[in-house]
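What follows is a single structure, written as structure tokens, with notes after it.
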Amino acid sequence: MRGAVLYGPRDIRFEEREAPKIVAPTDAIIRIAVTCVCGSDLWPYRGLQPIQGPTPMGHEYCGIVEEVGSAVKSVKPGQFVIGSFATSDNTCPHCHYGYQSSCVQREFISRAQAPVLRVPQADGTLVPTPGVPPDEMLPSLLTTSDVLGTGWFAADAANVKPGSTVAVVGDGAVGLLGVLSAKQMGAERIIAMSRHDKRQKLAREFGATDIVTERGDEGVARIMDLTNGIGADSVLECVGTQESMMQAIHAARPGGYVGYVGVPHEVELNGEALFFEHVHLHGGPAPVRKYLPKLIDLVWSGKINPGRVFDLTLPLDQVADGYRAMDERRAIKALLRP
């Protein structure tokens with residue numbers, strides 16, 4: 001079997017890898033229908049996140065179950081399933097509180113840019129769809145595995161409520177689907193921060209009412225102008241840099257909420273400054289498994305079409321082209337078909 005392996009900065013290869021097999025009785029093996037390149041994959045790809053030797057890549061996936069371990073009860077061969085980038089038993093106390101991405105048995109999926117994938121803790125990680133989906137639904141279902149689930153968590157963590165004013169920092173796939181999520185949660189005003197025409201257009205189609213092109217302090221000032229000096233009720237931070245985090249915190253009104261889901265890189269917060277901001281901070285790796293049933297239903301019923309964030313489709317063996325296109329911002333998100 002061949003799959004994507006990262007060797008170093010901007011050195012992604014599609015090469016022979018060992019085919020996955022059942023290791024533990026709680027495992028499942030799935031045949032990947034579609035996978036993709038994630039914005040978080042670009043951190044190690046750009047050399048901004050260290051790797052320890054050649055690293056198999058990919059953590060967004062959906063497909064058909066081929067084999068299950070002897071202890072697996074909730075999924076069976078032939079079912080179409082979707083799982084999170086973080087495995088979970090869905091029974092531990094953390095899972096019961098809705099934080100499956102902090103499950104005591106958590107593992108992070110990292111080999112999904114391949115034709116076949118082993119999923120540990122299959123009963124708690126995988127969610128079957130009502131049937132085998134049509135091909136045109138696959139991109140939208142794939143988003144539920146990570147980027148839609150992460151955007152939804154950003155909105156949930158930011159306490160988006162009907163009638164609220166929301167600002168979204170970041171116009172990648174997660175930020176755009178954060179806009180969609182805020183719209184689904186009933187936000188009245190959604191301010192998307194973006195400098196790119198194509199992403200601005202998609203943000204508006206997903207529900208953005210305003211576009212702010214400025215960044216940093218200028219971006220915060222613009223949001224204050226739009227909110228009569230008050231700030232946003234909820235801010236979704238979907239990047240993970242120092243500038244984006246501070247922009248999010250400063251754009252929130254006193255008593256407002258910041259949901260941060262951008263993987264942080266060299267982000268530091270000053271305790272005294274934060275003390276006087278009077279904002280709620282909540283974030284981390286998204287508990288996608290918590291939201292999967294609802295998000296699958298929204299896609300399956302045709303109420304949302306989040307797969308529109310994929311603006312480049314490639315054969316899996318051209319995965320390196322997908323990384324390059326996203327790195328150079330020629331693509332929002334690259335879909336890969338085995």
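The values are calculated or read from the model by the stated rules, or taken from the named source; none is laboratory data. Given the structure is predicted, the values throughout are model-derived calculations rather than measurements. As a convention, Cβ positions derive from the backbone with ideal geometry for all residues, glycine included, and neighbour counts pool all protein chains shown. For accessibility, only protein heavy atoms count, side chains too; no ligands or nucleic acids. Shrake-Rupley method; radii C 1.70, N 1.55, O 1.52, S 1.80 Å.
Listed values, structure above:
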{"quantity": "Linear extension gain, GLU328 paired with ARG13, 0.36 nm per residue minus alpha-carbon span", "calculated": "111.6 nm"}
{"quantity": "Reduced Cα scattering model of the range 122-236, Debye log10 I(q)/I(0), q = 0.13, 0.19 Å⁻¹", "calculated": "-0.51, -0.94"}
{"quantity": "With Cα atoms, 0 to 90° folded angle of helix 197-206 axis to the chain main axis", "calculated": "90"}
{"quantity": "Exposure of MET224 as accessible area (Å², to 10), given a probe of 1.4 Å and all protein chains", "calculated": "40"}
{"quantity": "Whole-number D in µm² s⁻¹ for the chain, Kirkwood Cα-pair radius fed into Stokes-Einstein, 20 °C, 1.002 mPa s", "calculated": "107"}
{"quantity": "Heavy-atom accessible area order for HIS265, HIS250, largest first, 1.4 Å probe", "calculated": "HIS250, HIS265"}
{"quantity": "Alpha carbon convex hull of the range 177-231, projected area averaged over orientations, nm²", "calculated": "3.7"}
{"quantity": "Leading residue at positive end of dipole, the range 142-250 (Cβ point charges), from ALA248, THR165, GLY219", "calculated": "THR165"}
{"quantity": "Sites excluded, chymotrypsin sites (Phe, Trp or Tyr not before Pro) in DSSP loops with at most 14 other C-beta within 10 Å, longest stretch of the chain", "calculated": "98-275"}
{"quantity": "The chain, helix-only ellipticity at 222 nm - DSSP H runs n ≥ 4, -39,500 (n - 2.57), divided by all residues, nearest 500", "calculated": "-8000 deg cm²/dmol"}
{"quantity": "Using alpha-carbon coordinates, inclination of helix 173-184 to the longest axis of the chain, degrees", "calculated": "70"}
{"quantity": "Distance (nanometres) between label positions extended 7 Å along Cα→Cβ at VAL132 and ASP197", "calculated": "4.3"}
{"quantity": "Antiparallel DSSP beta bridges within the chain, percent to nearest 5", "calculated": "55"}
{"quantity": "Dipole of the range 257-330, positive end: most advanced residue of TRP300, LEU269, HIS282 [Cβ charges, Cα centre]", "calculated": "TRP300"}
{"quantity": "Inter-centroid distance (Cα atoms) of the range 309-331 relative to the range 132-168, Å", "calculated": "21"}
{"quantity": "Rounded, prolate or oblate (a/c below 1.5 giving rounded, otherwise prolate when a/b exceeds b/c) for the range 1-159 by Cα gyration tensor", "calculated": "rounded"}
{"quantity": "Dipole magnitude (debye, nearest 20) for the range 1-89, charges at Cβ of Lys, Arg, Asp, Glu", "calculated": "100"}
{"quantity": "Of all accessible heavy-atom area on the chain, the percent that carbon and sulfur account for (1.4 Å)", "calculated": "50"}
{"quantity": "For the range 249-293 and the range 170-205, distance of Cα centres in Å", "calculated": "18"}
{"quantity": "Shape call, the range 28-119: gyration tensor on alpha carbons, a/c limit 1.5", "calculated": "oblate"}
{"quantity": "Overall form of the range 218-299 per C-alpha gyration tensor (a/c, 1.5; a/b vs b/c)", "calculated": "prolate"}
{"quantity": "Vicinal HN-Hα couplings computed from phi for the range 232-242 (Karplus, 6.51 cos²θ - 1.76 cosθ + 1.60; Hz; Gly/Pro x)", "calculated": "7, 5, 9, 10, 9, 9, 10, 10, x, 9, 4"}
{"quantity": "Whole-number accessible area per residue in Å² for the range 176-326, which is evaluated in the context of all protein chains at 1.4 Å", "calculated": "46"}
{"quantity": "3J(HN,Hα) from dihedral phi, the range 63-80, Karplus parametrisation 6.51/-1.76/1.60, rounded to Hz, x for glycine, proline", "calculated": "x, 9, 5, 9, 7, 10, x, 5, 8, 7, 10, 8, 10, 9, x, x, 7, 8"}
{"quantity": "Residues whose placed amide H lies under 5 Å from that of ARG17, excluding near-sequence neighbours", "calculated": "ARG2, GLY3"}
